[in-house]
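Remarks on the structure that follows.
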C-alpha cells in the first residue's frame with residue numbers, strides 16, 4: 001500500500017510538472033479555491049522568486065523524507081498486542097464510572113422495623129438473577145433508607161445496571177413490598193461531583 005501511495009504521489013507531481021496537465025488541474029480547482037493570482041500582479045524581485053523556489057524544494061524534500069521514514073521504518077510487530085501475562089488484567093471501567101458498581105436500592109419506610117442488609121442484598125440478587133454472594137454492599141445509609149451496591153463476577157451479557165433498571169420498573173418477589181421503584185436506579189457520579197464542586201466553591 002505504501003508503494004502504491006508513493007506511485008500516486010509521483011504521478012501527481014509529474015502531472016503538475018507539465019504545463020498542459022497543470023492548467024487542467026488549475027481550471028478544476030479554481031472554482032473551489034484560488035490557487036494562483038494573475039501573472040501581472042506578481043511582484044518583481046529575484047530574491048522573492050528564489051525564496052519561493054526554495055520553499056517548493058523544501059516541501060518536496062519533507063514529503064520524500066516522510067515517505068522514506070514510513071516505508072523503511074515499519075511499525076514493530078507486536079507493538080499493539082497485549083503483552084504476555086496481562087490476560088488477567090481488568091480492562092473495564094473504574095468502579096467510580098461503572099454503573100454496575102453504583103446501583104441504588106431505596107426501601108420504603110416500614111415504621112420501627114428496618115430491613116437488614118442481608119435482606120436487601122438477597123432481594124437485589126434475586127432481581128438481578130444472580131447468587132447472593134455476587135452482590136456486594138458499597139455503602140449503607142440507614143438514615144436515608146438507601147443501599148449502594150455492586151454486582152461482581154457477573155457473567156451475564158446484559159450489564160447488571162440495565163437488568164436492575166428493568167427489574168425496578170415493576171419490582172417482584174422480595175423487592176415488591178420493599179423497594180421504592182420511583183427512586184433512581186444508579187448513582188449519577190457526574191452530577192454528584194458537580195454538586196460537590198459547587199459546594200466547595202460556595203464554601204470558599
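Miscellaneous remarks
- Oblate is the label for region 95-203, because the ratio a/c of its alpha-carbon gyration tensor axes (a ≥ b ≥ c) is 1.5 or higher and a/b is not greater than b/c.
- Highest-first arrangement of 17-24, 126-133, 97-104, 154-161, where packing means the average Cβ count within 10 Å: 97-104, 126-133, 154-161, 17-24
- Here the peptides 116-124, 176-184, 138-146 are ranked by packing, the mean other Cβ count within 10 Å, and the order with the highest first is 116-124, 176-184, 138-146.
- Take every pair of alpha-carbon atoms less than 8 Å apart whose residues are at least six positions apart; their mean separation over the length of region 95-203 yields a relative contact order of 35 percent.
Since every read-out is calculated from the coordinates, none of them should be taken as a lab result. All figures in this text were calculated on a predicted structure; none of them were measured in a lab. Counting neighbours? That spans all protein chains shown, and the Cβs are built from the backbone with ideal geometry, glycine included.
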